[in-house]
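See below for the structure under consideration.
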Amino acid sequence: MSIPAYTPEWEVYFCDIDDRPACVSVDLGFESLAPIPDKRRAFEIVVALQAADQDGFPAEEAEWEKLEEIEEAFVQEFENSLQAAFVGKLLHDGKRNFYFYTEQEALPDVIAANIMQQFPDYTYATNNLEDPNWDLYLNFLFPEPADMQSIKNGRVMRMMQEQGDEQHIPRPISHFFYLASEADRTALRKEVEAQGYTLVQEGENEKSPEAPYSLVVSKVETLDEEAVHASTLALYQLAEAHNGVYDGWEAQVIREND
């Protein structure tokens with residue numbers, strides 16, 4: 001059985017693993033398909049970098065290019081020969097890890113050995129494990145909610161840029177919350193107002209019984225990417241602390257000649 005029809009949805013996010021920075025690339029397109037019944041085994045290839053910087057990432061541009069060559073070789077052969085699902089990759093602590101799902105147990109090691117003969121300067125290791133529930137993908141590679149919010153931030157900002165938005169121009173940015181109780185909403189509103197946000201709207205949503213109390217606040221800011229990530233993470237954490245959820249933000253597209 002081949003991979004069911006889906007649209008690749010690759011995203012990148014940064015996190016810490018064992019107190020070391022990590023860069024995770026994951027295909028979110030598999031979320032709605034996982035687990036795929038006939039791809040019950042997770043196969044990991046771990047390639048050691050030749051020269052890593054202080055963060056454990058490639059120190060030279062040439063090595064980035066070489067890692068891309070290795071990746072292309074693996075993806076082409078695994079997808080063509082095994083109909084494998086390439087679900088993600090990790091850069092961490094001087095190593096590049098590639099992750100596939102397949103039904104084969106022995107053949108992936110054979111294919112990996114043949115591919116790595118093309119790259120004799122690199123050492124590697126493999127792991128092949130039974131993972132019928134796709135725990136490695138869903139619980140390790142898949143972004144945590146806060147990381148997913150950063151991914152959503154990037155998507156919105158890219159969409160706005162494509163529409164000609166001048167992101168250095170300040171404008172009101174609205175933020176949305178849902179809280180479990182009216183008291184939680186009041187407490188959260190007071191905290192964000194103390195941080196310079198203004199109330200836009202309060203309401204109730206009967207379709208969301210676990211968090212029916214809505215809150216919308218706004219603040220005039222630029223769409224600086226780093227600042228947006230920092231502010232949404234802080235608001236996400238505040239919502240959690242008050243038994244609620246942060247439901248993202250929106251802002252008007254502003255063009256230079258508007």
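Every read-out reported here was derived from the displayed coordinates using simple, explicitly stated rules and does not represent laboratory data. Fair warning: this is a prediction, and the values are worked out from it, not measured in the lab. All Cβ positions, even for glycine, are placed from backbone atoms using ideal geometry, and neighbour counts span all protein chains on display.
Quick one: compute the contact order of the chain, relative version, from alpha carbon pairs under 8 angstrom and 6+ residues apart, as a percent.
Taking the mean separation of contacting Cα pairs over the length of the chain, I get 19 percent.
Roughly how large, in nm² to one decimal, is the mean projection of the convex hull of the alpha-carbon atoms in the stretch 1-78?
6.6
Using Cα pairs closer than 8 Å and at least 6 residues apart in sequence, work out the relative contact order for the stretch 10-141, in percent.
36
Mind listing the long-range amide H neighbours of L49? Cut-off is under 5 Å, sequence gap 5 or more, other chains count too, H placed in the peptide plane at 1.01 Å from N.
For L49, whose amide H was placed from the backbone, the distant partners under 5 Å are K95, R96.
Per residue of the stretch 100-106, what does 6.51 cos²θ - 1.76 cosθ + 1.60 with θ = phi - 60° give for ³J(HN,Hα)? Whole Hz please, x for Gly and Pro, Karplus curve as stated.
In residue order, the calculated couplings are 10, 10, 8, 9, 7, 9, 9 Hz.
Can you give me the relative contact order of the stretch 145-251 as a percent, contacts being Cα pairs under 8 Å and 6 or more apart?
Reported as a whole number, the value is 40 percent.
Just how many pairs of Lys in the chain have C-alpha atoms closer than 20 Å, counting pairs that are eight or more places apart or on different chains?
6
Report, please, the projected area of the stretch 143-251 averaged over directions, based on the convex hull of its C-alpha atoms, in nm².
About 6.8 nm², averaged over all directions.
Quick one: 3J(HN,Hα) in Hz for the stretch 240-257, Karplus 6.51/-1.76/1.60 with θ = phi - 60°, rounded, Gly and Pro as x.
Result, ordered by residue: 4, 5, 10, 6, x, 10, 8, 10, x, 9, 8, 8, 6, 6, 10, 9, 4, 9 Hz.
How big is the stretch 10-141 in terms of Cα radius of gyration and Dmax, in angstroms?
14.3, 41
Suppose the Debye formula is applied to equal point scatterers at every Cα of the chain; what is log10 I(q)/I(0) at q = 0.11, 0.16 Å⁻¹?
Once normalised to I(0) and log-transformed, intensities are -0.76, -1.15.
Treating the angle as unsigned and between 0 and 90°, give the value, to the nearest 10°, between the Cα long axis of helix 145-162 and the longest Cα principal axis of the chain.
80
Given H placed on each backbone N at 1.01 Å, which residues far from D247 in sequence or on other chains put an amide H within less than 5 Å of it?
Placed amide hydrogens put F176, F177, Y178 under 5 Å from D247.
Taking only Cα atoms, what is the 0 to 90° angle, nearest 10, from helix 182-194's long axis to the longest principal axis of the chain?
Orientation of helix 182-194: about 90 degrees from the principal axis.
Could you go through the stretch 220-232 in sequence order and give the Karplus-derived ³J(HN,Hα) for each residue, using 6.51 cos²θ - 1.76 cosθ + 1.60 with θ = phi - 60°, rounded to whole Hz, and x for Gly and Pro?
7, 8, 7, 9, 5, 4, 5, 5, 4, 4, 5, 5, 5
Tell me the net charge near H242. Cut-off is 13 Å between Cβ atoms, H242 excluded, with +1 for each Lys or Arg and -1 for each Asp or Glu.
Charge balance in the 13 Å sphere: -1.
In nm, to one decimal, how far is the Q163 label point from the H229 one, both placed 7 Å along Cα→Cβ?
2.3
Once amide H atoms are built 1.01 Å from N in the peptide plane, which residues 5 or more positions from S214, or in another chain, come under 5 Å H to H?
When sequence neighbours closer than 5 places are left aside, the close amide H contacts are L179, G203, E204, N205.
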